[in-house]
Amino acid sequence: MPELPEVEVTRRALEPLLVGRRIRRVTTTARSYFFLTPPSTLRTRLEGRTVVGLIRRGKYLLAELDDASHLLLHLGMTGQLFSSAAASPRLVSAKSRVSLRPATQRQFQPDAHTHLVIAFSDRGPKLFFRDVRKFGKVRWLAPGREDPRCEKLGVDALEVRGDDLVAACKKRTAPIKSVLLDQSVLAGVGNIYADEALFRARIRPTRRARALKRAEYDALARAVIAVLEAGIAAGGSSIDDFVRPDGSDGGYQGEHRVYGRSGEPCPRCGSEIRRVVIGQRSTCFCPSCQQ
DNA sequence: ATCTGTCCCTGGACGC
DNA sequence: TGCGTCCAGGGACAGA
C-alpha cells in the first residue's frame with residue numbers, strides 16, 4: 001500500500017529519470033475512472049512536453065511540465081510506477097508468473113493493468129503506470145490549475161508537530177487512528193504507518209482523538225515522523241504490489257512492529273497483538289503497551 | 001462540522 | 001482441480 005514513504009521513494013527514483021526528458025508518445029488503456037482526465041486529452045496535452053520537476057504532496061506526485069501544466073499521479077492501493085528497466089514478480093500476476101519461464105520475466109511486458117505508458121524522444125527508458133485495482137488516479141492540470149484534492153490536504157506528515165494534532169483533534173470524537181488517516185489533517189499517512197506510529201507512541205488506536213493528553217499529541221507527532229523517515233530510509237514497504245521504480249522491493253515490510261502481526265507477540269512486551277476494525281480499516285495494536 | 005457506511009476494483013486465500 | 005465466497009484498502013461520496 002503506497003503511503004508517504006513509498007511515494008517519496010518513488011519520487012526520488014523517478015526525478016532523475018524524468019526531468020529534462022521530452023515526452024514523445026503516451027499510450028493508455030480505455031477510458032475509466034482511473035483517468036480523471038480522458039486518455040485522449042492526456043495524449044494531446046502531454047505529447048511534446050518536457051518534464052521539468054517532480055514533487056510530492058501527501059501521497060500525490062506532481063510532474064511539472066515546461067508549459068507550466070502538471071501531471072498529477074496517485075498510486076491508490078496497487079499502483080506501480082516504474083521504468084522499462086524494471087523487472088519483478090510483483091509486476092506480473094501470480095497466475096501468469098507460473099506460466100512464464102524465468103528468462104521471459106526479465107523484461108516487463110505491458111499487460112491489461114498497465115494503464116499509462118510514456119515514451120520519450122530520446123528513445124530511452126519508458127515510464128509505466130500499472131495498477132491492478134485501478135484505485136490510482138491520473139490527471140492533467142492546466143497551467144495555474146490546482147487539483148481540489150490537493151488543496152484539501154493538511155500538513156505534510158513529515159512536518160507534523162504536536163500543535164497540529166492538538167488543533168485538529170480539538171472537537172473530534174472519532175478514534176485517533178481515523179484522524180491520522182484523514183488526509184485533510186495529515187497528508188501522507190496510511191493504514192500501515194498509522195498503526196506503526198500509534199504503537200511507537202504507545203497510544204491505543206481506538207482512543208477518542210480529543211481525549212489524548214498534550215504530551216501524547218507531541219509523542220504521536222514525533223512517532224509519525226520517525227516511522228515515515230524509517231520507511232523512506234528502508235525504501236518503503238513492499239507488501240503486495242509496491243515496487244520501487246527499478247523493480248526492487250522496499251525493505252520496511254520486515255520492520256513492521258504491529259501491522260499485519262495480529263496473534264504474534266508484541267516485540268516490546270510479548271503480549272499478543274490484537275486486530276480490530278476501525279473505520280473499515282484493519283488495525284493492529286498491543287493491548288498491553290498501548291493503553 | 002463531523003461521523004459512518006458504501007462503493008469503486010481485482011487477485012489471492014480459503015473452504016468445500 | 002475447480003468453483004464460490006470473502007477480504008484487502010485510498011478516498012469520494014451520501015446520508016445521518
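Read the figures in this text as sums done on the coordinates, not as results from a lab. All values derive from a computational prediction rather than experimental measurement. So basically every Cβ, Gly included, is an ideal-geometry build from the backbone, and we count neighbours across all protein chains shown.
Remarks
- Take every DSSP beta bridge whose two residues both sit in chain A; close to 95 percent of them are antiparallel.
- Measuring nothing but how far apart in sequence close Cα pairs (under 8 Å, 6+ apart) lie, relative to its length, the stretch A:4-150 scores a relative contact order of 31 percent.
- Prolate/oblate/rounded call for the stretch A:4-150, Cα gyration tensor, a/c under 1.5 rounded: prolate
- Label-to-label distance, nm, for residues given as A:Glu146 and A:Arg22 (7 Å Cα→Cβ offset): 3.3 nm
- Per residue Cα convex hull volume in Å³ - calculated over chain A: 131 Å³
- Only helices enter the 222 nm calculation for chain A: every DSSP H run of n ≥ 4 contributes -39,500 (n - 2.57), and dividing by all residues gives -7500 deg cm²/dmol, rounded to 500.
- Chain A - charge dipole about Cα centre, Lys and Arg +1 at Cβ, Asp and Glu -1, debye rounded to 20: 680 debye
- Set of lysines near A:Lys213 by C-alpha distance (under 23 Å), chain-local residues within fewer than 8 positions excluded: A:Lys170, A:Lys171, A:Lys177
- Positive end of the dipole of chain A (Cβ unit charges, origin at the Cα centre): among A:Phe128, A:Ala86, A:Phe34, the Cα lying farthest that way belongs to A:Phe34.
- Rg over Rh for the stretch A:130-245 works out to 1.01, both radii taken from alpha-carbon positions and Rh defined as the Kirkwood radius.
- Alpha-carbon centroid distance for the pair the stretch A:5-70 / the stretch A:247-291, whole angstrom: 35 Å
- Our estimate of slack between A:Gln109 and A:Glu272, defined as 0.36 nm per intervening residue step minus the Cα-Cα distance, is 54.3 nm.
- Of interest is the spacing of the C-alpha centroids, which for the stretch A:153-225 and the stretch A:119-147 amounts to 31 Å.
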